[in-house]
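Have a look at the structure below before the remarks.
The values are calculated or read from the model by the stated rules, or taken from the named source; none is laboratory data. Quantities reported herein were computed from a predicted structural model and do not represent experimental measurements. When we count neighbours, we look across all protein chains shown, and the Cβ atoms used for this are built from the backbone with ideal geometry, even at glycine. Just the protein is used for accessible areas: all its heavy atoms, side chains included, with ligands, DNA and RNA removed. Shrake-Rupley method; radii C 1.70, N 1.55, O 1.52, S 1.80 Å.
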Amino acid sequence: MPKGNIMKIFRISGGIHPKGNKELSAEKAIEPVPMPSVLRIPLQQHIGAPAVPIVAKGDVVKKGQLLAIARGAVSAPVHAPTSGRIVAIGRFVAPHASGLPGATITMRPDRRDEWGERLPALDPATAEPSALAERVGSCGIVGMGGATFPSAVKLNLRSRHALHTLVINAAECEPYLTCDDRLMRERTDDVFDGIRIMAKALGVAKVLIAIEGNKPEALAALTGAARATGDKSVAVVKVPTRYPMGSEKHLVQTLTGLETPARALTADIGIVVHNVATAYAVYKAVRLGEPLISRIVTVSGKAMVRTGNFEVLIGTPIHHLISHCGGHVEEPARLLLGGPMMGQPISSTRASIVKGSNGVLALAESEVPSGKTMPCIRCTACVVACPCGLAPFDMAQRIRNDELDGAVKIGLLDCLSCGSCAWVCPSHVPLVQYFNYAKGKLTAEQRAKHKQEETKRLSQFRDMRMDKLKKAKQEAMAKMMAEREAKKKAELAEAADEAKVTE
Ligand code: SF4
Ligand code: SF4
(Lines give C-alpha, C1' and ligand atoms only; values in the text may rest on other atoms or scores of the structure.)
(Ligands and ions follow the chains in the order given, each with its own letter.)
Protein backbone atom coordinates (compact mmCIF):
# COMPACT_ATOMS: atom_id res chain seq x y z
CA MET A 1 0.00 0.00 0.00
CA PRO A 2 1.48 3.41 -0.85
CA LYS A 3 2.19 5.32 2.35
CA GLY A 4 2.73 8.87 1.13
CA ASN A 5 5.97 10.42 -0.11
CA ILE A 6 9.03 10.02 2.06
CA MET A 7 9.72 13.67 2.64
CA LYS A 8 11.72 15.32 5.37
CA ILE A 9 9.39 16.91 7.85
CA PHE A 10 10.27 19.30 10.64
CA ARG A 11 9.54 18.95 14.34
CA ILE A 12 7.50 21.62 16.00
CA SER A 13 7.33 22.29 19.70
CA GLY A 14 4.25 21.82 21.83
CA GLY A 15 1.07 20.01 20.93
CA ILE A 16 -0.75 17.17 22.61
CA HIS A 17 -2.02 13.66 21.93
CA PRO A 18 -5.67 13.54 22.99
CA LYS A 19 -7.59 10.31 22.43
CA GLY A 20 -8.74 10.44 18.81
CA ASN A 21 -12.04 8.55 19.16
CA LYS A 22 -12.13 8.46 15.36
CA GLU A 23 -13.09 4.78 15.42
CA LEU A 24 -16.64 5.85 16.34
CA SER A 25 -17.26 7.02 12.77
CA ALA A 26 -14.18 6.45 10.58
CA GLU A 27 -15.51 3.29 8.97
CA LYS A 28 -18.96 4.74 8.26
CA ALA A 29 -19.39 5.65 4.60
CA ILE A 30 -20.89 9.03 3.68
CA GLU A 31 -24.71 8.86 3.71
CA PRO A 32 -27.22 11.38 2.44
CA VAL A 33 -29.70 12.85 4.92
CA PRO A 34 -33.42 13.03 4.04
CA MET A 35 -34.67 16.49 3.08
CA PRO A 36 -35.78 18.47 6.15
CA SER A 37 -39.17 20.24 6.09
CA VAL A 38 -37.47 23.61 6.47
CA LEU A 39 -34.03 25.04 5.69
CA ARG A 40 -32.66 28.05 7.53
CA ILE A 41 -29.80 29.64 5.68
CA PRO A 42 -27.80 32.25 7.61
CA LEU A 43 -26.42 35.17 5.61
CA GLN A 44 -23.23 35.18 7.66
CA GLN A 45 -21.56 31.82 7.17
CA HIS A 46 -18.12 33.22 6.52
CA ILE A 47 -15.55 35.69 7.81
CA GLY A 48 -16.36 39.15 6.46
CA ALA A 49 -19.49 41.09 5.64
CA PRO A 50 -22.81 39.19 5.62
CA ALA A 51 -24.41 38.45 2.25
CA VAL A 52 -27.27 40.69 1.08
CA PRO A 53 -30.58 38.97 0.13
CA ILE A 54 -31.84 39.38 -3.43
CA VAL A 55 -35.00 37.30 -2.93
CA ALA A 56 -38.18 38.17 -1.06
CA LYS A 57 -40.67 36.28 1.07
CA GLY A 58 -42.95 34.25 -1.20
CA ASP A 59 -40.42 33.81 -4.03
CA VAL A 60 -40.16 30.38 -5.60
CA VAL A 61 -36.52 29.37 -6.08
CA LYS A 62 -34.65 26.56 -7.79
CA LYS A 63 -31.78 24.52 -6.44
CA GLY A 64 -28.49 26.41 -6.72
CA GLN A 65 -30.21 29.78 -7.30
CA LEU A 66 -28.46 32.80 -5.87
CA LEU A 67 -30.29 33.93 -2.71
CA ALA A 68 -27.92 36.57 -1.39
CA ILE A 69 -24.96 38.35 -2.93
CA ALA A 70 -21.55 38.99 -1.41
CA ARG A 71 -21.04 42.47 0.04
CA GLY A 72 -17.58 43.99 -0.23
CA ALA A 73 -14.19 42.47 -0.86
CA VAL A 74 -14.34 39.86 1.91
CA SER A 75 -17.72 38.14 1.78
CA ALA A 76 -19.44 35.17 0.11
CA PRO A 77 -22.78 34.70 -1.66
CA VAL A 78 -25.40 32.21 -0.49
CA HIS A 79 -27.38 29.82 -2.73
CA ALA A 80 -30.56 27.76 -2.44
CA PRO A 81 -29.71 24.21 -1.28
CA THR A 82 -32.81 22.83 -3.03
CA SER A 83 -35.94 24.06 -4.85
CA GLY A 84 -38.83 25.52 -2.84
CA ARG A 85 -40.36 28.72 -1.53
CA ILE A 86 -38.86 31.49 0.59
CA VAL A 87 -41.08 31.71 3.67
CA ALA A 88 -39.21 34.25 5.77
CA ILE A 89 -36.26 36.60 5.81
CA GLY A 90 -35.41 37.74 9.29
CA ARG A 91 -33.42 37.01 12.38
CA PHE A 92 -33.10 33.45 13.62
CA VAL A 93 -30.93 31.61 16.14
CA ALA A 94 -27.43 31.35 14.65
CA PRO A 95 -25.10 28.35 14.97
CA HIS A 96 -22.91 30.20 17.42
CA ALA A 97 -22.12 29.70 21.10
CA SER A 98 -23.70 33.07 21.92
CA GLY A 99 -27.07 31.80 20.71
CA LEU A 100 -27.73 35.30 19.41
CA PRO A 101 -29.93 35.50 16.34
CA GLY A 102 -28.52 36.38 12.94
CA ALA A 103 -30.04 37.38 9.59
CA THR A 104 -31.42 34.22 7.99
CA ILE A 105 -33.37 33.17 4.89
CA THR A 106 -35.91 30.46 5.67
CA MET A 107 -37.14 28.26 2.82
CA ARG A 108 -39.60 25.41 2.60
CA PRO A 109 -38.37 22.71 0.18
CA ASP A 110 -40.88 21.55 -2.47
CA ARG A 111 -39.23 18.10 -2.45
CA ARG A 112 -38.73 18.20 -6.23
CA ASP A 113 -35.06 19.19 -5.78
CA GLU A 114 -35.03 20.88 -9.21
CA TRP A 115 -31.86 22.61 -10.34
CA GLY A 116 -32.07 26.11 -11.74
CA GLU A 117 -29.68 27.29 -14.40
CA ARG A 118 -26.17 26.07 -13.59
CA LEU A 119 -22.98 27.89 -14.50
CA PRO A 120 -21.19 26.29 -17.46
CA ALA A 121 -18.32 23.93 -16.68
CA LEU A 122 -14.85 25.50 -16.94
CA ASP A 123 -11.88 23.66 -18.35
CA PRO A 124 -9.06 24.30 -15.86
CA ALA A 125 -6.49 23.55 -18.56
CA THR A 126 -7.55 26.56 -20.62
CA ALA A 127 -9.25 28.82 -18.05
CA GLU A 128 -7.35 31.86 -16.80
CA PRO A 129 -6.36 31.66 -13.09
CA SER A 130 -8.50 34.76 -12.45
CA ALA A 131 -11.53 33.02 -14.03
CA LEU A 132 -11.04 30.02 -11.73
CA ALA A 133 -10.85 32.26 -8.67
CA GLU A 134 -13.90 34.19 -9.85
CA ARG A 135 -15.87 30.94 -10.24
CA VAL A 136 -14.89 29.88 -6.71
CA GLY A 137 -16.08 33.26 -5.42
CA SER A 138 -19.39 33.20 -7.29
CA CYS A 139 -20.09 29.67 -5.99
CA GLY A 140 -19.82 30.92 -2.38
CA ILE A 141 -16.91 28.70 -1.38
CA VAL A 142 -15.29 29.37 1.98
CA GLY A 143 -12.66 27.55 4.04
CA MET A 144 -14.48 24.39 5.06
CA GLY A 145 -12.12 23.31 7.83
CA GLY A 146 -13.99 25.73 10.07
CA ALA A 147 -12.11 28.95 9.31
CA THR A 148 -14.73 30.02 6.70
CA PHE A 149 -12.50 32.62 5.06
CA PRO A 150 -13.78 33.27 1.50
CA SER A 151 -11.64 30.98 -0.69
CA ALA A 152 -11.56 33.26 -3.74
CA VAL A 153 -9.79 35.96 -1.72
CA LYS A 154 -7.07 33.43 -0.87
CA LEU A 155 -6.85 32.22 -4.48
CA ASN A 156 -6.29 35.81 -5.59
CA LEU A 157 -3.30 36.25 -3.27
CA ARG A 158 -0.99 35.69 -6.25
CA SER A 159 -1.59 39.30 -7.27
CA ARG A 160 0.08 40.56 -4.08
CA HIS A 161 2.45 37.77 -3.03
CA ALA A 162 5.17 35.73 -4.70
CA LEU A 163 3.63 32.30 -4.11
CA HIS A 164 5.43 29.01 -4.62
CA THR A 165 3.54 26.35 -2.65
CA LEU A 166 -0.02 25.26 -1.97
CA VAL A 167 -0.45 23.24 1.22
CA ILE A 168 -3.58 21.13 1.47
CA ASN A 169 -4.63 20.75 5.05
CA ALA A 170 -5.98 17.22 5.27
CA ALA A 171 -4.59 16.64 8.75
CA GLU A 172 -8.04 16.55 10.42
CA CYS A 173 -6.32 16.68 13.78
CA GLU A 174 -9.42 17.32 15.92
CA PRO A 175 -10.53 14.19 17.77
CA TYR A 176 -13.79 12.50 16.64
CA LEU A 177 -13.94 14.21 13.21
CA THR A 178 -13.71 11.88 10.19
CA CYS A 179 -15.56 13.80 7.45
CA ASP A 180 -12.35 14.78 5.58
CA ASP A 181 -11.00 11.24 5.94
CA ARG A 182 -14.14 9.79 4.32
CA LEU A 183 -14.15 12.44 1.60
CA MET A 184 -10.56 11.58 0.64
CA ARG A 185 -11.28 7.86 0.68
CA GLU A 186 -14.59 7.94 -1.19
CA ARG A 187 -14.20 10.85 -3.62
CA THR A 188 -10.45 10.71 -4.17
CA ASP A 189 -10.27 11.71 -7.84
CA ASP A 190 -12.61 14.67 -7.44
CA VAL A 191 -10.72 15.91 -4.38
CA PHE A 192 -7.41 15.54 -6.25
CA ASP A 193 -8.83 17.38 -9.26
CA GLY A 194 -9.97 20.24 -6.99
CA ILE A 195 -6.47 20.46 -5.50
CA ARG A 196 -4.86 20.78 -8.95
CA ILE A 197 -7.43 23.42 -9.96
CA MET A 198 -6.48 25.47 -6.89
CA ALA A 199 -2.78 25.08 -7.71
CA LYS A 200 -3.49 26.40 -11.22
CA ALA A 201 -5.47 29.35 -9.84
CA LEU A 202 -2.60 30.21 -7.48
CA GLY A 203 0.11 29.68 -10.09
CA VAL A 204 2.26 27.63 -7.67
CA ALA A 205 4.86 25.10 -8.72
CA LYS A 206 4.47 22.81 -5.74
CA VAL A 207 1.59 21.19 -3.83
CA LEU A 208 1.95 19.41 -0.47
CA ILE A 209 -1.03 17.39 0.75
CA ALA A 210 -0.63 16.84 4.50
CA ILE A 211 -2.47 13.89 6.04
CA GLU A 212 -1.99 12.64 9.60
CA GLY A 213 -0.61 9.12 9.95
CA ASN A 214 -3.84 7.89 11.57
CA LYS A 215 -5.58 7.92 8.15
CA PRO A 216 -3.68 5.23 6.21
CA GLU A 217 -6.51 4.67 3.70
CA ALA A 218 -6.76 8.36 2.82
CA LEU A 219 -2.95 8.53 2.49
CA ALA A 220 -3.00 5.54 0.16
CA ALA A 221 -5.92 6.89 -1.88
CA LEU A 222 -4.38 10.31 -2.53
CA THR A 223 -0.90 8.90 -3.08
CA GLY A 224 -2.46 6.60 -5.70
CA ALA A 225 -4.21 9.56 -7.35
CA ALA A 226 -0.96 11.55 -7.44
CA ARG A 227 0.92 8.61 -8.98
CA ALA A 228 -1.82 7.99 -11.53
CA THR A 229 -1.51 11.54 -12.86
CA GLY A 230 2.29 11.36 -12.89
CA ASP A 231 2.23 14.94 -11.65
CA LYS A 232 5.60 15.38 -9.93
CA SER A 233 4.64 18.76 -8.51
CA VAL A 234 2.24 17.14 -6.02
CA ALA A 235 3.47 15.30 -2.93
CA VAL A 236 1.28 13.52 -0.40
CA VAL A 237 2.95 13.81 3.00
CA LYS A 238 2.30 11.80 6.13
CA VAL A 239 2.49 14.12 9.12
CA PRO A 240 2.56 13.07 12.80
CA THR A 241 -0.75 12.56 14.60
CA ARG A 242 -0.49 15.42 16.98
CA TYR A 243 -2.95 18.14 17.93
CA PRO A 244 -3.08 20.96 16.61
CA MET A 245 -1.28 19.74 13.46
CA GLY A 246 -4.04 21.40 11.40
CA SER A 247 -3.10 24.91 12.54
CA GLU A 248 -1.97 26.66 9.34
CA LYS A 249 1.31 28.04 10.56
CA HIS A 250 2.32 24.83 12.34
CA LEU A 251 1.46 22.69 9.36
CA VAL A 252 3.57 24.93 7.11
CA GLN A 253 6.47 24.72 9.57
CA THR A 254 6.15 20.91 9.83
CA LEU A 255 6.21 20.54 6.05
CA THR A 256 8.77 23.16 5.06
CA GLY A 257 10.64 24.21 8.18
CA LEU A 258 9.62 27.80 7.39
CA GLU A 259 8.31 29.91 10.25
CA THR A 260 5.55 32.43 9.59
CA PRO A 261 6.26 35.59 11.60
CA ALA A 262 3.78 36.54 14.31
CA ARG A 263 0.67 38.21 12.92
CA ALA A 264 1.85 37.66 9.33
CA LEU A 265 0.16 35.46 6.71
CA THR A 266 1.66 32.24 5.38
CA ALA A 267 1.36 33.99 1.99
CA ASP A 268 4.06 36.37 3.21
CA ILE A 269 6.46 33.43 2.99
CA GLY A 270 5.00 32.26 -0.34
CA ILE A 271 2.63 29.56 0.91
CA VAL A 272 -1.17 29.32 0.80
CA VAL A 273 -3.06 26.74 2.85
CA HIS A 274 -6.47 25.38 1.86
CA ASN A 275 -8.57 22.69 3.50
CA VAL A 276 -9.13 19.43 1.64
CA ALA A 277 -12.95 19.73 1.76
CA THR A 278 -12.59 23.16 0.14
CA ALA A 279 -10.75 21.44 -2.73
CA TYR A 280 -13.74 19.17 -3.25
CA ALA A 281 -16.10 22.18 -3.32
CA VAL A 282 -13.77 23.83 -5.87
CA TYR A 283 -13.96 20.73 -8.07
CA LYS A 284 -17.79 20.91 -8.02
CA ALA A 285 -17.82 24.64 -8.75
CA VAL A 286 -15.41 24.49 -11.69
CA ARG A 287 -16.25 21.15 -13.29
CA LEU A 288 -19.99 21.01 -12.56
CA GLY A 289 -20.94 24.66 -12.05
CA GLU A 290 -22.38 23.82 -8.61
CA PRO A 291 -22.34 26.34 -5.78
CA LEU A 292 -21.59 25.32 -2.20
CA ILE A 293 -24.97 24.03 -0.97
CA SER A 294 -24.02 20.93 1.01
CA ARG A 295 -21.13 19.52 3.01
CA ILE A 296 -19.99 16.37 4.79
CA VAL A 297 -20.56 16.41 8.55
CA THR A 298 -19.38 13.89 11.16
CA VAL A 299 -21.95 13.03 13.83
CA SER A 300 -20.25 11.38 16.78
CA GLY A 301 -19.94 10.99 20.54
CA LYS A 302 -21.11 8.29 22.93
CA ALA A 303 -24.35 10.11 23.69
CA MET A 304 -25.49 9.54 20.07
CA VAL A 305 -27.57 6.49 19.17
CA ARG A 306 -25.85 6.34 15.77
CA THR A 307 -22.66 7.94 14.58
CA GLY A 308 -21.49 8.47 10.99
CA ASN A 309 -20.57 10.83 8.18
CA PHE A 310 -23.41 12.54 6.40
CA GLU A 311 -23.87 14.70 3.32
CA VAL A 312 -25.99 17.52 4.68
CA LEU A 313 -27.68 20.44 2.92
CA ILE A 314 -26.55 23.84 4.19
CA GLY A 315 -29.37 25.21 6.33
CA THR A 316 -30.46 21.82 7.73
CA PRO A 317 -31.52 22.25 11.37
CA ILE A 318 -29.13 20.43 13.74
CA HIS A 319 -32.07 18.64 15.42
CA HIS A 320 -33.02 17.11 12.05
CA LEU A 321 -29.55 15.57 11.73
CA ILE A 322 -29.61 14.35 15.32
CA SER A 323 -33.02 12.73 14.94
CA HIS A 324 -31.91 11.13 11.65
CA CYS A 325 -29.18 9.49 13.76
CA GLY A 326 -31.76 8.18 16.25
CA GLY A 327 -31.33 10.91 18.88
CA HIS A 328 -29.39 10.51 22.10
CA VAL A 329 -28.62 7.48 24.25
CA GLU A 330 -28.38 9.78 27.27
CA GLU A 331 -28.56 13.51 27.87
CA PRO A 332 -25.29 14.78 26.31
CA ALA A 333 -22.87 16.31 28.78
CA ARG A 334 -21.67 18.52 25.92
CA LEU A 335 -23.26 19.19 22.56
CA LEU A 336 -20.80 20.73 20.13
CA LEU A 337 -20.65 22.05 16.61
CA GLY A 338 -17.14 21.07 15.48
CA GLY A 339 -14.50 19.09 17.35
CA PRO A 340 -14.07 18.82 21.12
CA MET A 341 -11.01 21.08 21.17
CA MET A 342 -12.13 24.07 19.11
CA GLY A 343 -15.84 23.40 18.52
CA GLN A 344 -18.58 25.73 19.74
CA PRO A 345 -21.24 24.67 22.25
CA ILE A 346 -24.62 24.33 20.50
CA SER A 347 -26.98 26.69 22.28
CA SER A 348 -30.03 25.54 20.30
CA THR A 349 -30.49 22.55 18.00
CA ARG A 350 -32.83 24.75 15.93
CA ALA A 351 -29.67 26.41 14.56
CA SER A 352 -28.43 25.15 11.20
CA ILE A 353 -25.55 23.31 9.66
CA VAL A 354 -23.52 25.95 7.82
CA LYS A 355 -20.58 25.91 5.41
CA GLY A 356 -18.00 25.62 8.20
CA SER A 357 -19.78 22.89 10.24
CA ASN A 358 -17.61 19.80 10.14
CA GLY A 359 -19.08 17.94 13.10
CA VAL A 360 -21.95 17.58 15.53
CA LEU A 361 -20.76 15.92 18.72
CA ALA A 362 -22.94 14.68 21.56
CA LEU A 363 -20.46 13.75 24.29
CA ALA A 364 -21.47 11.54 27.18
CA GLU A 365 -20.41 12.34 30.75
CA SER A 366 -17.60 9.76 30.49
CA GLU A 367 -16.07 11.62 27.51
CA VAL A 368 -15.87 15.03 29.10
CA PRO A 369 -12.83 15.95 31.20
CA SER A 370 -13.97 16.48 34.74
CA GLY A 371 -12.37 18.02 37.77
CA LYS A 372 -12.79 21.05 39.98
CA THR A 373 -10.85 24.18 39.07
CA MET A 374 -7.97 24.56 41.53
CA PRO A 375 -5.36 27.31 41.90
CA CYS A 376 -2.47 27.28 39.44
CA ILE A 377 0.52 25.35 40.87
CA ARG A 378 2.99 26.82 38.34
CA CYS A 379 3.88 23.38 37.03
CA THR A 380 4.44 24.86 33.50
CA ALA A 381 2.76 21.88 31.79
CA CYS A 382 0.73 24.44 29.82
CA VAL A 383 3.94 26.11 28.59
CA VAL A 384 5.29 22.79 27.32
CA ALA A 385 2.00 21.99 25.55
CA CYS A 386 1.56 25.37 23.86
CA PRO A 387 2.44 25.08 20.16
CA CYS A 388 2.93 28.84 19.95
CA GLY A 389 5.59 29.00 22.67
CA LEU A 390 3.43 31.10 24.99
CA ALA A 391 3.14 31.11 28.77
CA PRO A 392 -0.58 30.39 29.19
CA PHE A 393 -0.58 30.53 33.02
CA ASP A 394 1.01 34.00 32.94
CA MET A 395 -1.45 35.28 30.32
CA ALA A 396 -4.38 33.94 32.37
CA GLN A 397 -3.01 35.59 35.51
CA ARG A 398 -2.77 38.97 33.73
CA ILE A 399 -6.29 38.62 32.34
CA ARG A 400 -7.60 37.77 35.83
CA ASN A 401 -5.94 40.96 37.07
CA ASP A 402 -7.58 42.90 34.23
CA GLU A 403 -4.18 43.63 32.66
CA LEU A 404 -5.20 43.00 29.07
CA ASP A 405 -2.34 45.07 27.68
CA GLY A 406 0.07 42.96 29.69
CA ALA A 407 -1.47 39.76 28.27
CA VAL A 408 -1.18 41.19 24.75
CA LYS A 409 2.47 42.04 25.42
CA ILE A 410 3.26 38.37 26.15
CA GLY A 411 1.44 37.05 23.09
CA LEU A 412 -2.32 36.85 23.67
CA LEU A 413 -2.99 37.75 20.04
CA ASP A 414 -0.79 34.88 18.83
CA CYS A 415 -2.87 32.37 20.79
CA LEU A 416 -4.86 30.00 18.55
CA SER A 417 -7.38 29.10 21.26
CA CYS A 418 -6.43 25.51 20.46
CA GLY A 419 -7.04 24.31 24.02
CA SER A 420 -3.82 22.29 24.35
CA CYS A 421 -2.83 24.17 27.51
CA ALA A 422 -6.17 23.61 29.24
CA TRP A 423 -6.12 19.95 28.23
CA VAL A 424 -2.89 19.27 30.14
CA CYS A 425 -3.56 21.52 33.13
CA PRO A 426 -3.69 19.42 36.33
CA SER A 427 -5.56 22.22 38.10
CA HIS A 428 -8.26 22.38 35.41
CA VAL A 429 -7.76 26.12 35.03
CA PRO A 430 -10.16 27.19 32.25
CA LEU A 431 -7.31 28.82 30.34
CA VAL A 432 -9.01 29.05 26.92
CA GLN A 433 -12.05 30.67 28.48
CA TYR A 434 -9.79 33.39 29.83
CA PHE A 435 -8.15 33.87 26.43
CA ASN A 436 -11.43 33.92 24.51
CA TYR A 437 -12.93 36.35 26.99
CA ALA A 438 -9.90 38.66 26.69
CA LYS A 439 -9.83 38.49 22.88
CA GLY A 440 -13.58 39.20 22.77
CA LYS A 441 -13.11 42.20 25.08
CA LEU A 442 -10.22 43.55 23.00
CA THR A 443 -12.25 43.16 19.79
CA ALA A 444 -15.22 44.95 21.37
CA GLU A 445 -12.91 47.76 22.59
CA GLN A 446 -11.35 48.03 19.16
CA ARG A 447 -14.78 48.16 17.54
CA ALA A 448 -15.93 50.85 19.99
CA LYS A 449 -12.73 52.83 19.30
CA HIS A 450 -13.22 52.44 15.57
CA LYS A 451 -16.84 53.55 15.90
CA GLN A 452 -15.79 56.56 17.97
CA GLU A 453 -13.15 57.52 15.40
CA GLU A 454 -15.67 57.02 12.61
CA THR A 455 -18.21 59.25 14.41
CA LYS A 456 -15.51 61.90 14.94
CA ARG A 457 -14.47 61.68 11.30
CA LEU A 458 -18.08 61.98 10.12
CA SER A 459 -18.75 64.90 12.41
CA GLN A 460 -15.57 66.69 11.20
CA PHE A 461 -16.63 65.95 7.64
CA ARG A 462 -20.10 67.36 8.34
CA ASP A 463 -18.61 70.52 9.94
CA MET A 464 -16.32 70.97 6.95
CA ARG A 465 -19.25 70.50 4.58
CA MET A 466 -21.34 73.02 6.55
CA ASP A 467 -18.45 75.54 6.52
CA LYS A 468 -18.05 75.04 2.80
CA LEU A 469 -21.79 75.50 2.25
CA LYS A 470 -21.80 78.62 4.44
CA LYS A 471 -18.83 80.04 2.56
CA ALA A 472 -20.43 79.23 -0.80
CA LYS A 473 -23.66 80.90 0.35
CA GLN A 474 -21.77 83.99 1.55
CA GLU A 475 -19.86 84.18 -1.73
CA ALA A 476 -23.06 83.78 -3.74
CA MET A 477 -24.71 86.50 -1.66
CA ALA A 478 -21.69 88.81 -2.08
CA LYS A 479 -21.70 88.13 -5.81
CA MET A 480 -25.42 88.83 -6.02
CA MET A 481 -25.02 92.09 -4.06
CA ALA A 482 -22.08 93.15 -6.24
CA GLU A 483 -24.11 92.40 -9.38
CA ARG A 484 -27.09 94.32 -8.00
CA GLU A 485 -24.82 97.25 -7.13
CA ALA A 486 -23.22 97.17 -10.57
CA LYS A 487 -26.66 97.00 -12.22
CA LYS A 488 -27.90 99.89 -10.12
CA LYS A 489 -24.83 101.95 -11.02
CA ALA A 490 -25.29 101.14 -14.69
CA GLU A 491 -28.93 102.17 -14.54
CA LEU A 492 -28.02 105.44 -12.83
CA ALA A 493 -25.35 106.11 -15.41
CA GLU A 494 -27.78 105.33 -18.21
CA ALA A 495 -30.38 107.66 -16.67
CA ALA A 496 -27.76 110.42 -16.37
CA ASP A 497 -26.76 109.94 -20.01
CA GLU A 498 -30.41 110.12 -21.10
CA ALA A 499 -30.90 113.33 -19.09
CA LYS A 500 -27.85 114.87 -20.81
CA VAL A 501 -29.24 113.98 -24.26
CA THR A 502 -32.65 115.55 -23.39
CA GLU A 503 -30.93 118.81 -22.24
S1 SF4 B 1 -0.73 23.77 33.64
FE2 SF4 B 1 -2.25 24.69 34.94
S3 SF4 B 1 -1.38 24.52 36.95
FE4 SF4 B 1 0.30 24.15 35.55
S5 SF4 B 1 1.20 26.21 35.25
FE6 SF4 B 1 -0.31 25.93 33.65
S7 SF4 B 1 -2.15 26.87 34.48
FE8 SF4 B 1 -0.79 26.49 36.19
S1 SF4 C 1 -4.91 27.91 23.62
FE2 SF4 C 1 -3.40 29.46 23.16
S3 SF4 C 1 -2.08 29.51 24.94
FE4 SF4 C 1 -3.21 27.58 25.01
S5 SF4 C 1 -1.94 26.11 24.00
FE6 SF4 C 1 -3.29 26.91 22.43
S7 SF4 C 1 -2.15 28.60 21.54
FE8 SF4 C 1 -1.14 28.11 23.46
In order over segment 239-246: 3J(HN,Hα) from phi, Karplus 6.51/-1.76/1.60, θ = phi - 60°, whole Hz, x for each Gly or Pro, gives 10, x, 7, 7, 8, x, 4, x
State the antiparallel share, in %, of DSSP beta bridges confined to the chain, rounding to the nearest 5. 55 percent
For Gly246, residues with placed amide H under 5 Å, excluding near neighbours: Cys173
About the Cα centre of segment 299-367, what is the dipole size in debye to 20, counting +1 per Lys and Arg Cβ and -1 per Asp and Glu Cβ, all else neutral? 200 debye
Using mean Cβ contacts within 10 Å as the protection proxy, how do 291-304, 58-71 order, highest first? 291-304, 58-71
Of the options Pro392, Thr126, Gly315, report the single residue whose Cα projects farthest towards the positive end of the charge dipole of the chain (beta-carbon charges: Lys, Arg +1; Asp, Glu -1). Pro392
Quick one: compute the contact order of segment 381-441, relative version, from alpha carbon pairs under 8 angstrom and 6+ residues apart, as a percent. 37 percent
Rounded, prolate or oblate: pick one for segment 156-288, where a ≥ b ≥ c are the square roots of the eigenvalues of its C-alpha gyration tensor, a/c under 1.5 means rounded, and failing that, prolate if a/b is larger than b/c, else oblate. oblate
Scaled to the compact-protein estimate 2.2 N^0.38 Å, what is the alpha-carbon radius of gyration of the chain, rounded to two decimal places? 1.25
Would you mind checking which residues have amide H under 5 Å from Ala94's amide H? H placed 1.01 Å from N; only 5 or more apart, or other chain. Leu100, Gly102
Which percent, to the nearest 5, of DSSP beta bridges fully inside segment 299-367 are antiparallel? 80 percent
From Cα pairs below 8 angstrom and at least 6 apart in sequence, can you work out the relative contact order of the chain, rounded to a whole percent? 18 percent
Give me the distance between the Cα centres of segment 123-152 and segment 248-321, rounded to whole Å. 13 Å
Karplus-derived 3J(HN,Hα) from phi for segment 172-189 (6.51 cos²θ - 1.76 cosθ + 1.60, θ = phi - 60°), whole Hz, x at Gly and Pro, runs 6, 7, 5, x, 6, 6, 9, 5, 5, 4, 5, 4, 5, 6, 9, 10, 3, 5
Give me the 1.4 Å probe accessible area per residue for the chain, excluding ligands and nucleic acids, in Å². 49 Å²
One finds the C-alpha centres of segment 71-86 and segment 424-503 to be spaced, in Å, by 38 Å
Let me check I've understood the local charge: for Ser83, count other residues with C-beta under 10 angstrom from its C-beta, Lys and Arg +1, Asp and Glu -1. What total comes out? +2
What's the magnitude of the charge dipole for segment 381-441 around its Cα centre, counting Lys and Arg as +1 and Asp and Glu as -1 at the beta-carbon? Answer in Debye, nearest 20. 100 debye
From the residues Val329, Ala303, Thr349, which one has its Cα farthest along the dipole of segment 299-367 in the positive direction, the dipole being from +1 and -1 charges on Cβ of Lys/Arg and Asp/Glu about the Cα centre? Thr349
What does the highest-first list of 379-386, 118-125, 42-49 look like by mean Cβ count within 10 Å? 42-49, 379-386, 118-125
Taking amide H atoms as placed 1.01 Å from N in the peptide plane, list the residues 5 or more away in sequence, or in a different chain, whose amide H sits under 5 Å from that of Ile41. Ile105, Thr106, Met107
Can you list the HN-Hα couplings for segment 490-500, worked out from phi with the Karplus curve (6.51, -1.76, 1.60; θ = phi - 60°), rounded to whole Hz and with x for Gly and Pro? 4, 5, 4, 5, 5, 5, 5, 4, 4, 4, 4
Listed highest first by mean packing, meaning other Cβ atoms within 10 Å per residue, what order do 102-114, 475-487, 142-154, 196-208 come in? 142-154, 196-208, 102-114, 475-487
Going by a 4.7 Å Cβ-Cβ cut-off, which cysteines of the chain have no partner at all? Cys139, Cys173, Cys179, Cys325, Cys376, Cys379, Cys386, Cys388, Cys415, Cys418, Cys425
What angle, in degrees between 0 and 90 and rounded to the nearest 10, separates the Cα long axis of helix 129-138 from the longest principal axis of the Cα atoms of the chain? 90 degrees
Using a 1.4 Å probe, how large is the accessible area of Lys249, given in Å² and rounded to the nearest 10? 70 Å²
Over the chain: helical MRE at 222 nm, DSSP H runs n ≥ 4 each giving -39500 (n - 2.57), nearest 500: -11000 deg cm²/dmol
